[in-house]
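First up is the structure itself, then whatever we jot down about it.
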Amino acid sequence: MKLSSITKLAALAVTLSLASCGTHKKATETEEKKTEVKNLEVQSDFLKRVNGTAYDKTKAVSSKLKFTVEMGAQKLRLTGNLRMMRDDVIRLQLMAFGFVEAGRLEFTKDYVLIMDRINKQYLQVPYKYVDFLRNSGIDFYTLQALFWDELFIPGNTQVDQDALSNFTTNMGGDEAIIYLEQGKINYSWLANEKTGRIKMTNIMYRDPVNGNAQLNWDYDGYSPLNGSLFPDNMIVTLTLPQKEVKVEIKLTYLGSDYNWEPRTTVSDKYRKVEIDEILRRFMNL
């Protein structure tokens with residue numbers, strides 16, 4: 001075979017090879033793009049399923065409760081009542097000896113109220129005056145979502161379908177992790193991939209100077225309420241640079257009682273105090 005013929009054959013072989021590589025590359029890129037789109041669709045469907053477990057049709061929740069607080073070596077056990085009105089108020093009434101109201105925690109859209117009934121003391125302030133709540137972007141609607149086992153976006157009154165694009169997910173097993181990052185704050189949720197029910201919520205505030213602070217809210221049980229399942233056993237752990245506070249809230253006799261006054265009026269006989277003082281009093285009840 002002449003040299004010119006060999007050269008032409010070699011050139012043709014190289015051309016065909018390059019064309020084949022190009023076709024393979026395009027096919028691979030197309031397949032990867034299809035996989036990426038499919039993954040995004042799966043994640044979107046999953047977020048819709050998680051958001052679909054919201055209890056927004058339940059307008060009121062009432063329950064008996066067992067309330068346990070641990071702070072260092074101190075441990076406080078109380079009974080009481082939980083009353084919540086959707087988009088309005090969350091109230092915990094804590095009883096001593098089973099019949100005397102020892103304390104009250106009330107959260108509205110405008111303020112946090114903590115009352116020490118025994119010592120006639122109280123604290124009523126906007127959310128921004130409580131350090132951890134302010135730093136972590138926690139307002140009334142965030143607390144409501146935590147009690148009602150729902151997704152939330154700080155500063156928003158609800159999470160609609162359009163807002164789901166703010167979240168990212170890590171799927172690939174029985175449970176998935178949902179993420180939301182805002183500045184120094186990381187929000188994450190652990191949810192069951194099949195049911196979409198949230199099992200744990202974590203809020204992490206990063207502070208390289210004073211130390212990180214985080215809130216972990218675990219859901220350890222559910223009871224029927226208005227045709228759905230409502231969280232009835234919650235374990236809340238607040239970890240600060242200098243201390244850790246653990247709270248367990250167990251609910252029984254869940255119902256939807258509306259027949260109660262949604263705002264507490266503080267008597268003139270009560271003395272206003274700082275948050276550290278009233279928390280110390282609570283632990284000594």
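Please specify each residue of the range 107-122 satisfying the condition of being open to solvent by less than 50 Å² (accessible area, probe 1.4 Å), of a type outside the set (S, T, Y) and in contact with a Pro (Cβ under 9 Å, 6 or more places away or on another chain). Break it down into steps so the answer makes sense when it comes.
So in the range 107-122, the residues open to solvent by less than 50 Å² (accessible area, probe 1.4 Å) come out as 107-108, 111-116, 121-122.
Subset that is of a type outside the set (S, T, Y): 107, 112-116, 121.
Passing the criteria: only V112.
Taking only pairs six or more apart or across chains, which ones have beta-carbon atoms under 8 Å, a first residue in the range 126-148 that is on the phi < 0 side of the Ramachandran plot and touching a residue at least 60 places away in the same chain (Cβ under 8 Å), and a second residue that is part of a helix (DSSP H, G or I) and hydrophobic (A, V, I, L, M, F, W, C)?
Listed pairs, sorted by first residue: V130/I275; I138/F132.
Kindly establish whether I138 is modelled with pLDDT under 95 and within 26 Å of A54 (Cα to Cα). Steps first, answer last, please.
On the way: modelled with pLDDT under 95: yes; within 26 Å of A54 (Cα to Cα): yes.
So I138 passes the test.
Only residues that are within 11 Å of N135 (Cβ to Cβ) and small (G, A, S): list them for the range 200-221, please.
Answer for the range 200-221, where residues must be within 11 Å of N135 (Cβ to Cβ) and small (G, A, S): just A213.
Among (1) surrounded by fewer than 15 Cβ atoms within 10 Å (Cβ to Cβ); (2) modelled with pLDDT of 95 or more, where does I249 come up short?
Among (1) surrounded by fewer than 15 Cβ atoms within 10 Å (Cβ to Cβ); (2) modelled with pLDDT of 95 or more, the lone unmet condition for I249 is (1).
Residue by residue through the range 203-232, note down the ones that are over 30 Å from K64 (Cα atoms), part of a loop (DSSP other than H, G, I, E, B) and not charged (D, E, K, R). Reasoning before the result, please.
In the first step, residues of the range 203-232 are kept if they are over 30 Å from K64 (Cα atoms); the result is 204-213.
Narrowing further to those that are part of a loop (DSSP other than H, G, I, E, B): 206-212.
Correct list: P208, V209, N210, G211, N212.
Somewhere in the range 258-273, is a residue small (G, A, S), assigned to a strand (DSSP E or B), at pLDDT 90 or above and out of contact with any His (no Cβ under 6 Å at 6 or more places or on another chain)? I'd like the intermediate steps shown before the answer.
Here is the first cut: in the range 258-273, the residues small (G, A, S) are 267.
Restricting the remaining residues to those that are assigned to a strand (DSSP E or B) gives none.
No - not one qualifying residue is present in the range 258-273.
Enumerate the pairs (first residue in the range 192-220 and farther than 17 Å from Q242 by Cα; second residue anywhere and hydroxyl-bearing (S, T, Y) and part of a loop (DSSP other than H, G, I, E, B)) with beta-carbon separation below 7 Å, excluding pairs fewer than 6 apart on the same chain, so at least 6 apart or on different chains.
G196/T53; R197/T53; I203/S136
Applying the selection to the range 69-90, what residues are within 13 Å of Q144 (Cα to Cα), open to solvent by 10 Å² or more (accessible area, probe 1.4 Å) and in a strand (DSSP E or B)?
Across the range 69-90, the qualifying residues are R83, M85.
As an exercise: evaluate N226 against (1) at positive phi; (2) of a type outside the set (F, W, Y); (3) open to solvent by less than 30 Å² (accessible area, probe 1.4 Å) and give the number of the one condition it does not meet.
(3)
Taking into account only those residues within the range 93-106 that are among the hydrophobic types (A, V, I, L, M, F, W, C) and not in a strand (DSSP E or B), which is least open to solvent (accessible area, probe 1.4 Å)?
Top of the filtered list is F99.
Rundown of residues vs (1) under 24 Å from I114 (Cβ atoms); (2) among the acidic types (D, E), yes/no style:
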{"residue": "G173", "(1), (2)": "no, no"}
{"residue": "D220", "(1), (2)": "no, yes"}
{"residue": "I235", "(1), (2)": "yes, no"}
{"residue": "Y253", "(1), (2)": "no, no"}
{"residue": "K269", "(1), (2)": "yes, no"}
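The values are calculated or read from the model by the stated rules, or taken from the named source; none is laboratory data. In this text, all values refer to a predicted model and were calculated from it rather than measured experimentally. Ideal geometry is used to build each Cβ from the backbone, glycine not excepted, and the neighbour counts take in all protein chains shown. Areas reflect the complete protein model, heavy atoms only, side chains present, ligands, DNA and RNA absent. Shrake-Rupley method; radii C 1.70, N 1.55, O 1.52, S 1.80 Å.
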